[in-house]
Structures are given as C-alpha cells and as structure tokens.
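Following: one structure in structure tokens, then a few remarks.
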Amino acid sequence: MKIGFAQFDVAMLDRSANLLAIDRLAATASEADLLVFPELATSGYDFIDAAEVDAIAETFGAGPTSEAAARLADRHGMSLVVGYPERAPDGFYNSCLLAVPGGRLFNYRKIHLFSREKLFFRPGDSPPSVVDTPAGRVGMMICFDWIFPETARCLALEGAQIIAHPSNLVLEWCQRAMFARSAENRVFTVTANRIGAEDRAGRKLTFSGASQIVSPSGEYVVRAPETEEHVAVAELDPSKADSKRITEFNDLWDDRRPDLYRRLS
Ligand code: ACM
C-alpha cells in the first residue's frame, strides 16, 4: 500500500486557501492509498476567541472540508485524513475526518486538548476507533493525544495497522515519542505535522514540521524537513502490524498483565 503525509503551512482563518493547498498536495500524491494532512488543516491553529472558531467551524459530513475530502477521495481513489474545526450541537471539537473512496466518511474528535484549545473546544467524547479502508485498518488520533500512550494502545488493541496522526506540533519531543508509540504497539504511525508560524495577539507559535512515518519495528520510513512543505508517499505492508510477536517467548498482547494495571482505569 502507498501511504503518506502532506506537510504544509496552513493559512490562519482562510479555508479557501487551505482547501486549494489540500487539493494541490493531494494531486502531487495521487498514487497514494492513504494520505494524512495536519491537524486543523483547513483553519489554522491559534484562535484568539470563540468567535473565530464559530466563523470557520463546520458540521461533519456537510461542510466544505467533508465535501472536499470526499471529492478528492473519489478523484484519486485514495483515503484522506484531514484535521478541521467541527461544529456540533453542543459546541466545537478539534476533529479530523477520514474520507474513503465511494463516499464513506468517519470522524474523530481529539480527546486530549492542549493548552488554549481548552478555551474553545470540547474534549472528544468517544473512544478512539478503527476504520477498515482499502489502505488497511486505520485509527486516528490528533497531535497531543501522543503524550497519552493509552490513545495509541487502545487503537492498536482495536486492530489498527496504521495510526493516522494529524498534528500541529509545538513541543519538542513528539516525533521521538511516536517512535515509541509505533514500537510499543507494533503499528505504523503517520504523523502529519505542519510548518510555519502563527503570531496572534502577541503569542508566537512555531510548528516543527518533521512529519514522519514509523514502522511497527521502529524504523523511520520517511522523515520530512522541519521548515519546508513536503509530501511523502511510502510503499508499506500494513499486515506487518498484525504480528505482535517479539521473541520466540514474547507476544505483545499475550504478555500484557491488565490485572496488574488497575491504576490505569
Ligand atoms: C497540539 O496538540 N496541537 C500541540
């Protein structure tokens, strides 16, 4: 399977420009079976107030991002994961959607909100789940979900072969930590980060690029530069994530001791 990411500089509050960029980048990777875009890829990240979120948030399944992703999925015969601000009856969510060719759409709402996101977004209300796509079994998590290893572990236990990880990374160590998320769960992780900076109300955030794909055995299959737009597609075998055998005597799932992990829940 051909699996990749598109790293780019998202324009703050300019959905049309961002959808054009997504269109252009998807065309350059039209051979991909799965292409992952960053977190909040259609809106920008550092909202000043809820009015800004309100101006650009959209309903899952009915808004411009859902429509564009579904159209691109059909045009290129690829599955796409795209981060966007979601409008729901009970508020806003930092979400990403997965569009599969043929019109199927799935949604994930970020469950661990980072910093000022808590001012505008509600935390996701559903457990992370896995979708069967033509590219393999795909689980979604968003950016800061990485620092809670339970997120990736739950996805792996649900059968994910590939974890799509749209991001807007500002902390230093995520890319290194995602090595562990892949290795400790024996899954592919595709971290699609953005580049560029936002300078809003005196706050400057610089996004760290360096999007990457890590294999179930912990190899960095692809790494993007830190500051440039970059699209990468790699040939991967998702079934490599199916074996959890580590040594002749160790199986990652059989050797777990959930009876001794009570503190986790
Ligand atoms: C983040 O979760 N966007 C850092």
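A few notes on this one:
- Candidates Ala156, Ala51, Ala27: whichever shows maximal mean-square fluctuation once the chain is modelled as a Gaussian network with Cα springs under 10 Å: Ala51
- Principal axis box of the range 134-245, alpha-carbon based, largest edge first, Å: 49, 27, 23
- Equivalent ellipsoid semi-axes, the chain, via Cα gyration tensor eigenvalues times 5, rooted, Å: 28, 21, 18
- Neighbour net charge for Pro128 - beta-carbon separation under 14 angstrom, K R +1, D E -1: +1
- Taking Cβ atoms as reference points and 13 Å as the exclusive limit, the residues near Ala197 contribute a net charge of -1, counting Lys and Arg as +1 and Asp and Glu as -1.
- Potential extension, Thr206-Ala11 segment - 0.36 nm per residue separation minus Cα distance: 68.9 nm
- Note on the range 87-181: Kirkwood hydrodynamic radius from all Cα pairs is 13.9 Å, rounded to one decimal.
- Mean Cβ neighbour count within 10 Å, used as a protection proxy, ranking 60-71, 75-86 highest first: 75-86, 60-71
- Whole-angstrom gap from the range 7-32 to the range 190-230, using each part's C-alpha centre: 15
- Since only Ala234, Ser215, Ala201 are under comparison, the one whose Cα sits farthest along the positive direction of the charge dipole of the range 196-256, derived from C-beta charges on Lys, Arg, Asp and Glu, is Ala201.
- Taking Cα centre as origin and charging only the Cβ of basic (Lys, Arg, +1) and acidic (Asp, Glu, -1) residues, the dipole magnitude of the range 120-241 rounds to 220 debye.
- For Lys118, the lysines whose Cα comes closer than 20 Å to its Cα, not counting residues fewer than 8 places off in the same chain, are Lys110, Lys204.
- Per-residue extension of 0.36 nm, minus the Cα-Cα distance of Glu184 and Arg223, leaves a gain of 12.1 nm for this segment.
Values in this text are rule-based calculations from the coordinates and carry no lab data. Note that the structure is predicted; figures quoted are calculated from it, not measured. All Cβ positions, even for glycine, are placed from backbone atoms using ideal geometry, and neighbour counts span all protein chains on display.
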